[in-house]
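Heads up: the structure comes next, in structure tokens.
The values are calculated or read from the model by the stated rules, or taken from the named source; none is laboratory data. If you're wondering where the values come from, they're calculated on a predicted model, not measured in any experiment. Note that we place each Cβ from the backbone using ideal geometry, even for glycine, and neighbour counts take in every protein chain shown. Remember, those area values only see protein heavy atoms, side chains included, never the ligands or the DNA or RNA. Shrake-Rupley method; radii C 1.70, N 1.55, O 1.52, S 1.80 Å.
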Number of protein chains: 2
Amino acid sequence: MQSMDNDPEDQDGGADTGAGNRFGPIAASPAYKLVADAIERQIVSGRVRPGEAIGTEADLVKQFGVNRSTVREGIRLLEQGGLIRRDSSRRLYASVPRYDRLATRISRAFVLHEVTFRELWEATMAIESAVVELAADRISDEGLGELDLNLRKSRAAIDKPSELAILDIEFHTILCKAAGNRVLQLAREPENKLFFPTTEMLFQKNPQAARRNVDAHGAIVAALHRRDKADALLWMKRHVNDWKKGFELIGKSIDEPIDRVYAQHVLESNL
Amino acid sequence: MQSMDNDPEDQDGGADTGAGNRFGPIAASPAYKLVADAIERQIVSGRVRPGEAIGTEADLVKQFGVNRSTVREGIRLLEQGGLIRRDSSRRLYASVPRYDRLATRISRAFVLHEVTFRELWEATMAIESAVVELAADRISDEGLGELDLNLRKSRAAIDKPSELAILDIEFHTILCKAAGNRVLQLAREPENKLFFPTTEMLFQKNPQAARRNVDAHGAIVAALHRRDKADALLWMKRHVNDWKKGFELIGKSIDEPIDRVYAQHVLESNL
DNA sequence: TCATCTCCATTGTCGGACAAGCGGATGATG
DNA sequence: CATCATCCGCTTGTCCGACAATGGAGATGA
């Protein structure tokens, strides 16, 4: 398995090992990067609040004393990073990095690194287990209502694989929202984008899978109604396990990397 | 708790609800974005392999039929996204998104969204538990050796909070590498950047914490040597729990958001 | 063959220019 | 006076052209 974090061209030079190699390589950044970094620091440090307007390009030209083209290139860096955004008038505002954007990039990185379904599945097992336990503690009546509604819709759509797959994603998303943990929420986004979409395929090739899916959801919801954390956890583990069984049942190996063309399709649908 | 994924200006217009609202808003992207998207598709789809050279700016100008400035702005978007990179000669090559770069962005997003230590801690508990279980199955003798070495260094540095904090991060990083799961590896990066660095503070204010930390590491390593998954898991949970206790012991609330200035410092050290 | 040098290609940066579009000011109207 | 339509100016997106610095490749020499 290849590592993901090797990088021969490390700017920082790593930890200084002893007395030799005193000076690390100097980072001679181009001006557009310096512009981007300067603005980024203002935002991250909180000196510019999210929603607050960044100056116009002309302002930045004056402040930084560089050409407008240079400013614009710097802005492009930040724009992709999600730290600034444009409203309808295309003016620039500071922003908090968007969530789904990050999730898309994370998922894309996994695809490019040829992460296997096994890795995805193991992470799913861990995260969803934690989510359901937290949800058992914290879910509100409103959250339970959402789950009930989702469950009813799922039972109605049990013969429609594509609809059911969407409802499956929705189910777990509701659950995670109820768990009230944004770190787990982001950590489980790759599941939404890469893992759960495969359920549609499973439902198509194996009608049994659809029923087991909805049954598991039902059992989890019932357990949450009773605030029965242990039972909810048990069913969640079964539920995630079922995916693996289903995957193997249709003759695919869980150890193969996520299919690139498939994932590209999925990721582009919500670029 | 605020949601992280609301966005009134959604480009896609969401799911079409019934027959009304047939046409979603048209995405009239500027040319530089079209350029970036075009190149991105080439890379993500695999038509351009990582490491392969992208044409020069002049080439792209010819291919896309736009001005060089426009091409350059498009390139800046991709550059920040990590899909292309420049070698020493500043030439452009396709690349796989770097891992630590992504991790930094994720962590920064958490800070800006004012995620609480509780959320981080809950995620840590889930992820580290999964990691140690997988590691118990998969760790090699070499991995065990690395852990042994880390443990020895930790015991030697038990009175040096800053060193010990670094060794603590290293311990969990080794463990995750041994678990052989890159999804979890990325998911736990925010711990490295935001959660574990707080241990230095704990060690400083409470010498007991350092000892408990190293003891827990020792117990985990011993369990892994015996391939005793249950015991390793038990000690890991204690270990993560200790952090919470220590945090409360020094009078801080686990429900407060991650301190912005502190986090900025940590994140900038490996920008 | 190997080291050195020169020249060229390429990037980074600059200056200027213009069309399109939005915001706000201005004016008209009830 | 309030509401609405119109217009002007600012801002962005795009284009053009230019030049210094620098790395690489090929030419040149030992």
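Position B:Leu144: other-copy label points at 4.9 nm, ordered by increasing distance, label point 7 Å along Cα→C-beta.
Backbone phi angles across segment B:70-76, fed through the Karplus curve with coefficients 6.51, -1.76 and 1.60 (θ = phi - 60°), yield HN-Hα couplings of 5, 4, 4, 4, x, 4, 4 Hz in residue order; Gly and Pro are listed as x. Based on the Stokes-Einstein relation at 37 °C and a viscosity of 0.692 mPa s, and on the Kirkwood radius from alpha carbon pairs, segment B:20-135 is assigned a translational diffusion coefficient of 191 µm²/s. Within the straight-line cut-off of under 12 Å between alpha carbons, the aspartates and glutamates reachable from B:Lys33 are A:Glu79, B:Glu73, sequence neighbours fewer than 8 places apart in one chain being disregarded. Remark on A:Leu92: its backbone amide H falls under 5 Å from those of A:Ile54, a criterion applied only to residues 5 or more positions apart or on other chains, H modelled at 1.01 Å from N. Seen from A:Asp215, the other residues with C-beta closer than 11 Å to its C-beta sum to a net charge of +3, counting Lys and Arg as +1 and Asp and Glu as -1.
When accessible surface is computed with a 1.4 Å probe, chains A and B are found to bury approximately 6400 Å² between them, both chains counted. Computed over chain B, the Cα gyration tensor eigenvalues convert (square root of 5λ each) into semi-axes of 43, 23, 19 Å, ordered from largest to smallest. Each label was represented as a point 7 Å from its Cα along the Cα-to-Cβ direction; for B:Lys244 and A:Arg155 these points are 3.6 nm apart. Dipole magnitude for segment A:31-94: computed about the Cα centre from +1 point charges on Lys and Arg Cβ and -1 point charges on Asp and Glu Cβ, it is near 60 debye.
Run the helix sum for chain B: -39,500 (n - 2.57) per DSSP H stretch of 4+ residues, divided by residue count, reported at 222 nm to the nearest 500 deg cm²/dmol. Show your work: numbers first, answer last.
Working: 12 runs with 171 residues, N = 271.
Taken over chain B, the calculation gives -20500 deg cm²/dmol.
With contacts taken as Cα pairs under 8 Å and at least 6 residues apart, chain A reaches a relative contact order of 20 percent.
Accessible area of A:Val240 (1.4 Å probe, protein heavy atoms only, ligands and nucleic acids ignored): about 10 Å². Just to check, using Stokes-Einstein with a Kirkwood Rh over alpha carbon pairs, what's the diffusion coefficient of the protein assembly as shown at 25 °C and 0.890 mPa s in µm²/s? My calculation gives 98 µm²/s for D. Note on segment A:31-94: Cα-only Rg and Dmax are 10.6, 28 Å.
Remark on segment B:127-271: Rg and Dmax equal 14.7, 43 Å (Cα only).
Distances between copies of B:Arg238, taken at a point 7 Å out from Cα along the Cα→Cβ vector and listed shortest first: 3.3 nm. A drop of at least 30 square angstrom in accessible area, chain alone versus all protein chains together, probe 1.4 Å. Which residues of segment B:32-52 meet that? Those are B:Tyr32, B:Glu40, B:Arg41, B:Val44, B:Ser45, which lose 30 Å² or more relative to the chain on its own.
Longer than 30 Å from Cα to Cα, which of A:Lys193/B:Lys252; B:Lys177/B:Lys237; A:Lys244/B:Lys245; B:Lys153/B:Lys237; A:Lys160/A:Lys193 are they? Say none if no pair is.
Working: A:Lys193/B:Lys252 37 Å; B:Lys177/B:Lys237 19 Å; A:Lys244/B:Lys245 37 Å; B:Lys153/B:Lys237 23 Å; A:Lys160/A:Lys193 20 Å.
Exceeds cut-off: A:Lys193/B:Lys252; A:Lys244/B:Lys245.
For segment B:101-269, carbon and sulfur atoms together expose 52% of the accessible surface, with a 1.4 angstrom probe and every protein chain in place. Placing a label point 7 Å from the Cα of B:Arg86 along the Cα-to-Cβ direction, the distances to the matching points in the other copies come to 2.3 nm, shortest first. Note on chain B: GNM, Cα springs under 10 Å; of B:Ile250, B:Ile220, B:Ile139, the largest mean-square fluctuation is that of B:Ile250.
How much of A:Ile166 can a 1.4 Å solvent probe reach, expressed as accessible area in Å² and rounded to 10? A:Ile166 has an accessible surface of roughly 110 Å² with all protein chains in place.
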